[in-house]
Structure formats: C-alpha cells, structure tokens
Amino acid sequence: MMAFLTKHFKLPDFIDAYSALIIVGFIVEKDSSLINISIIKSGGAAMDKEIERIVSSMPKWIPGKHNGKTVRVRMNIPLRIELSE
C-alpha cells in the first residue's frame, strides 16, 4: 500500500515544504472495492484532495473475513507526509 501511495503521489504545484498527519478512512467492500473514502484528519484542502485521488485509484484490496464469511471492513489509515524544500 505504501509503495503504491508513494509512487502515485503528486505534490500540488504551489507546495514547496509540508508536514502533516492525515488520516483517511474508507470501507473495503465484500467485492474488494473501496467505497466511502473520506478524510478524517485534514492536512489542508489541496493535500486532502490528492490523498482521496490516490486512495480511490488503488487496486482492489483483499476483503475481510469473519467466521469464514467475507465481510465489509472499515479502515482508517494514518499517513504522515514530510516534504522539505
């Protein structure tokens, strides 16, 4: 997951240096797709938009299992972003 995020991350043009902890939440559906992508802890409008873009373009995940049945799973992922000039 981190390799995908790092590879596809595009820094907005007007940002030179940046440091923040952004928390993104989503649901992994039974069919492995990601839905309800939302920013729980913001890093600013431009950065939030970029994180939502990357997460929505991620490949399908392996769905959760409970007692042998495939289930939906709510995920909250903290992303620490440290960019210097």
**Study point:** Candidate set from region 23-50 (those that are in a helix (DSSP H, G or I) and out of contact with any Ser or Thr (no Cβ under 6 Å at 6 or more places or on another chain)); member that is farthest from Met2 (Cα to Cα)
**Key:** Ala45
Check your understanding: Name the residues in region 64-85 that are of a type in the set (Lys, Arg), in a strand (DSSP E or B) and without any contact (Cβ under 8 Å) to a residue 60 or more places away in the chain, would you?
Key -> Lys65, Lys69, Arg74
**Study point:** region 1-20 - residue that is surrounded by 13 or more Cβ atoms within 10 Å (Cβ to Cβ) and part of a strand (DSSP E or B) and, of those, modelled with the lowest pLDDT
**Key:** Tyr18
Exercise for review: Go through region 21-57 and give me each residue that's touching a residue at least 24 places away in the same chain (Cβ under 8 Å) and on the phi > 0 side of the Ramachandran plot.
Suggested key: Ser32, Gly44
**Study point:** Residues within region 47-85 that are under 23 Å from Leu11 (Cβ atoms) and either within 14 Å of the chain's Cα centre (by Cα) or surrounded by 15 or more Cβ atoms within 10 Å (Cβ to Cβ) (or both), tallied
**Key:** 18
Revision key, fill the gap. The number of residues in region 21-38 that are out of contact with any Gly (no Cβ under 8 Å at 6 or more places or on another chain), crowded, with 17+ Cβ neighbours inside 10 Å and more than 17 Å from Lys60 (Cα to Cα) is 0
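The values are calculated or read from the model by the stated rules, or taken from the named source; none is laboratory data. All values reported here derive from a predicted model rather than from experimental measurement. Glycine also receives a Cβ, built like all others from the backbone with ideal geometry; neighbour counts cover every protein chain displayed.
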